[in-house]
Amino acid sequence: MTAMRGSGSFGHEVYDDVIVGGGHNGLVAAAYLARAGRAVLVLERLGHTGGAAVSTRPFAGVDARLSRYSYLVSLLPAKIVRDLGLRFAVRRRTVSSYTPTLRGGRPGGLLVGGGQTRTRESFARLTGSDREYESWRAFYGTTGRIARKVFPTLTEPLPTRGALRARVDDDAAWRMLFEEPLGQAVERHFADDLVRGVVLTDGLIGTFADAHDPSLAQNRCFLYHVIGGGTGDWDVPVGGMGALTDALAGAARAAGAEIATGHEVLRIDTDGTAPAEVVFRTALGEGRVVGRSVLVNASPRALAELLGEAPGEPAPEGAQLKVNMLLRRLPRLKDSAVDPREAFGGTFHIAEGYAELARAYAEAAAGELPSVPPSEIYCHSLSDPTILGPEPAEQGYQTLTLFGLHAPARLFGHDNRQAREVLLTATLAQLDQHLAEPLTDCLAFDADGRPCIEAKTPLDLERELRLPGGHIFHGDLSWPYGPEDTEGAGRWGVRTARRNVLLCGAGAVRGGGVSGIPGHNAAMAVLGH
Ligand SMILES: Cc1cc2nc3c(=O)[nH]c(=O)nc-3n(C[C@H](O)[C@H](O)[C@H](O)COP(=O)(O)OP(=O)(O)OC[C@H]3O[C@@H](n4cnc5c(N)ncnc54)[C@H](O)[C@@H]3O)c2cc1C
């Protein structure tokens, strides 16, 4: 077998660094390493780079480029954009969130954003006083202070727990976020069920847990959702997620990295010290290439397989439904006090009251699809119309992205297609409760006359992207600290059992999300920083 690239061969027989997977993290690592003058090769199994951070035209004959999987950016440090000279920008949303209600059958809702006065008034209208708003400000004042202290550490060598705690320097905040189940803080700070639910959702994105789960998986998820950029803001990637991946691939190539798509890695042969042989498959057959180090952007579970080791337990399990839609127009809301352009411009929470989230979790944990499925939606094209081609833009089309919670992979094993259909219908029915017209009346049609809507279950994501169990973070998120004795790659949270094989993707410590952080950290480990 020879090293080959499509029908030709690679530029080198031996690379300094072979990167398994061209997700956005693999590309970040490739760009840093190539800029340091190293010979770098990225092997990506799919026909394109980006992994879960891509833009596609999913609807036949319709010129709308949707962020098919991930869609908002918070965790990408400005440092990475600067270091790599990326031409990539994000846009702040004017409204952070809108949550419709039907209290006593009367439509209303909670609007967060659009200025302090409007937010305060919205809280007062929903809850009858300023108390919840004041608690909200105090609670997010605390998370904001933690964000400013913790976020910069994510691109530094891994602190120990003690060092991070000393940096946070706030015992009450540390206890609230790092030690006691998130449900306790939510219940202590807030009295209103809807407000509690809105706060809790940040702990449940891509994480199947109850508010009081002793594993604290919900706390770790919450932490990563409130520290991004030192503010916790979730911004719109201009041009969609594909714009980030394209900028990263461009930066890696410009620095001399080779990127070979359509190359699936089958095996990594190494004793951990001698250069590793990486065996891959293309449409033309098998090949192999040698890397002094191997950086793995695939999941830790996939890595175990590539090394011929037993996978760690428990197996990761994703728990979300992702729905992409294109609309002819935004639907009108029952709550006439809010303009749909504001409501859908931020995160629009559906059936995410605190009790509803608890019930959905309990049902799913008992093996049933949630009877009232919680989800959140957002319209990208309101903040960034550049993703629409001239025709859909002229016709006033809008995109809609829905992310459903508490839909674990185990519920789709029997009949994925049917379970997907049932859950999608139930999810849209919850949205319809708050609309003055059914959502389906607003859907655009593709060139074949089919409505522009697609849904992805965890099993779909596993098949398409190799996300283990469909887990969007390759596995439950880790605390952003390490043990006392870390050195070498361990210093950066990217170590594996083989010294010359490092993790550079979401499954590393401080991985998960569109952040580039594990890619950066793996590169720093290789460069000996
Ligand atoms: C539906 C969905 C919505 C999300 N929403 C958001 C969001 O809004 N914001 C956010 O920050 N995060 C979000 N996430 C999470 C985020 O997208 C991921 O955590 C992140 O993209 C992981 O990036 P990565 O580069 O580490 O891995 P991946 O994106 O998983 O890329 C890994 C790459 O490795 C390739 N690969 C795997 N095995 C092999 C092999 N054997 N040989 C060669 N190549 C291989 C894969 O094809 C893939 O391209 C979402 C994820 C999903 C699925």
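The values are calculated or read from the model by the stated rules, or taken from the named source; none is laboratory data. Since we're looking at a predicted model, the values are computed, not measured. So basically every Cβ, Gly included, is an ideal-geometry build from the backbone, and we count neighbours across all protein chains shown. These area figures cover heavy atoms from the full protein model, side chains too; ligands, DNA and RNA do not enter into them. Shrake-Rupley method; radii C 1.70, N 1.55, O 1.52, S 1.80 Å.
The figures follow:
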{"quantity": "Enumeration of residues in the stretch 91-115 that are touching a helix residue (DSSP H, G or I) at 6+ places or on another chain (Cβ under 9 Å), at pLDDT below 95 and farther than 21 Å from D202 by Cα", "calculated": "R103"}
{"quantity": "Filtered residues of the stretch 173-197 (kept if in contact (Cβ under 8 Å) with a residue 60 or more places away in the chain and open to solvent by less than 10 Å² (accessible area, probe 1.4 Å))", "calculated": "F178, V186, V195, G197"}
{"quantity": "Candidate set: the stretch 234-256, residues that are open to solvent by less than 10 Å² (accessible area, probe 1.4 Å) and not in a strand (DSSP E or B); chosen: the one farthest from T401 (Cα to Cα)", "calculated": "A252"}
{"quantity": "The one condition in (1) touching a residue at least 12 places away in the same chain (Cβ under 8 Å); (2) in contact with a helix residue (DSSP H, G or I) (Cβ under 7 Å, 6 or more places away or on another chain); (3) open to solvent by 10 Å² or more (accessible area, probe 1.4 Å) that S299 fails to fulfil", "calculated": "(3)"}
{"quantity": "Unique match (being within 25 Å of Q430 (Cβ to Cβ), under 23 Å from the mean Cα position of the chain (by Cα) and surrounded by fewer than 20 Cβ atoms within 10 Å (Cβ to Cβ)) among G113, G105", "calculated": "G113"}
{"quantity": "The listed residue being more than 17 Å from P385 (Cβ to Cβ) and away from the ligand (no atom under 16 Å from the Cβ), out of E305, E309, E342, E313", "calculated": "E313"}
{"quantity": "Filter pass, R103 being without any contact (Cβ under 8 Å) to a residue 60 or more places away in the chain and either within 24 Å of E464 (Cα to Cα) or away from the ligand (no atom under 15 Å from the Cβ) (or both)", "calculated": "yes"}
{"quantity": "So V278, is it within 11 Å of the ligand (Cβ to nearest atom) and touching a Lys or Arg at 6+ places or on another chain (Cβ under 7 Å)", "calculated": "yes"}
{"quantity": "Residues of the stretch 336-371 satisfying the condition of being touching a His at 6+ places or on another chain (Cβ under 7 Å) and assigned to a loop (DSSP other than H, G, I, E, B)", "calculated": "P370"}
{"quantity": "Subset of the stretch 455-470 that is near the ligand (Cβ under 9 Å from one of its atoms) and in a loop (DSSP other than H, G, I, E, B) - its residue that is nearest to A315 (Cα to Cα)", "calculated": "L467"}
{"quantity": "Top-ranked residue of the stretch 315-334 - restricted to ones that are open to solvent by less than 10 Å² (accessible area, probe 1.4 Å) and among the aliphatic types (A, V, I, L, M), ranked as nearest to G512 (Cα to Cα)", "calculated": "A319"}
{"quantity": "G262 vs. criteria modelled with pLDDT of 95 or more, on the phi > 0 side of the Ramachandran plot and not in a helix (DSSP H, G or I)", "calculated": "yes"}
{"quantity": "Selection within the stretch 377-396 - open to solvent by 20 Å² or more (accessible area, probe 1.4 Å) and part of a helix (DSSP H, G or I)", "calculated": "L382, S383, P385, T386, P390, E391, A393, E394"}
{"quantity": "Which listed residue is crowded, with 23+ Cβ neighbours inside 10 Å, touching a residue at least 60 places away in the same chain (Cβ under 8 Å) and more than 8 Å from the ligand (Cβ to nearest atom), from V40, V73", "calculated": "V40"}
{"quantity": "Hits in the stretch 257-275 (condition: within 14 Å of the ligand (Cβ to nearest atom) and open to solvent by less than 20 Å² (accessible area, probe 1.4 Å))", "calculated": "I259, A260, H263, V265, I268"}
{"quantity": "Residue count for the stretch 431-454, restricted to those that are within 26 Å of E368 (Cα to Cα), part of a helix (DSSP H, G or I) and open to solvent by less than 30 Å² (accessible area, probe 1.4 Å)", "calculated": "2"}
{"quantity": "Filtered residue count, the stretch 125-171, keeping only those that are of a type outside the set (G, A, S), in contact (Cβ under 8 Å) with a residue 40 or more places away in the chain and in a helix (DSSP H, G or I)", "calculated": "18"}
{"quantity": "Any hit, the stretch 361-373, residues being more than 16 Å from the ligand (Cβ to nearest atom) and open to solvent by less than 10 Å² (accessible area, probe 1.4 Å)", "calculated": "yes"}
